[in-house]
Amino acid sequence: MIVLTGIAVLPQTNAQTPAARPQFEVASVKPNTSGTMMVRIMAPPNGGRLTVTNASLKMLITYAYKVRNFELSGGAGWMDSERYDVAAKAADDSHGEGQLQLMTQTLLEDRFQLKVHRETKEVPVYALLPGKSGLKLPEAKEGNCVAPGPNLPPPGRGPGQLPPTPCGGFFMGPNTLVGGKISMKQFADGLSNILGRPVLDKTGFTGTFDVKLEFSPEGTAFAGGLPGIPGGLPPVFDTSGPSIFTAVQDQLGLKLESQKGPGEVLIIDHAEKPSEN
């Protein structure tokens, strides 16, 4: 699930790769001209449904192919600016997120004439390592997060209110990352989105922990604005906090070290605006 003015990310599941890619039984794709900043991509585990509100084609691609913004290359400007609502249902409600992602790939190929390919190249990465003073990870506590699923409460709508934190996932905004019962791999994935490059977990930590990381958006992927939303950061976001690098070290006892490593990039070869349903 993605929620802007922040991003709430639910736990990932491994995508399946059947011989014939599955498809939704019914699916609707309609333009969204509301102009709102709120974006939702919801696919509850074992729900057999995909519900999308106000998402760009590139946002849909990142969900369908399990890539992040910085792992996506190419595409015309309308793929960021044009927004769509999608309502799709599988024939079998037992399908998990991995199957729904494959169905979404089929949907994008059918409705947007999407064509993509993958390339592997050497890219800048960050290694996530223990700091000199040792790890300072908050213990995972009961009640600090909400079990994910179709009954997850909606995000708060008041000023400064954050969506409920899903257990095993996190909420991410331009100057905060809040997670409940997350693994170090999940935390590294969240940092990847914030920093705009892969973050590799090299801590050796195998447990789970709660986290509320606070930092300045300056120097992060959010510095120029929220993902897919032009116009810069809204003035409500604080830029006076520590850098993400200092915050990770001081608040969690971790450090980020710049390195080089292989990375896979999804290239957009072709796409067209969808016809009306």
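All of the numbers you see were taken from the coordinates with simple rules; none came from a lab. Treat the numbers as computed from the prediction; the structure is a model and nothing was measured. Quick reminder, even Gly has a Cβ in these numbers, built from the backbone with ideal geometry, and neighbours come from all protein chains shown.
Structure summary
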read-out	value
Residue pairs, from the table LYS30/LYS212; LYS136/LYS202; LYS58/LYS255, whose Cα atoms sit over 25 Å apart	LYS30/LYS212; LYS58/LYS255
Among 60-66, 255-261, 170-176, the order from most to least packed when residues are scored by Cβ within 10 Å on average	170-176, 60-66, 255-261
Rg to Rh quotient for the range 7-118, alpha carbon positions, Kirkwood Rh	0.93
Label point distance in nm, ALA91-SER258, each placed 7 Å from Cα along Cα→Cβ	5.3
Protection proxy ranking of 111-120, 197-206 - average other beta-carbon atoms within 10 Å, highest first	197-206, 111-120
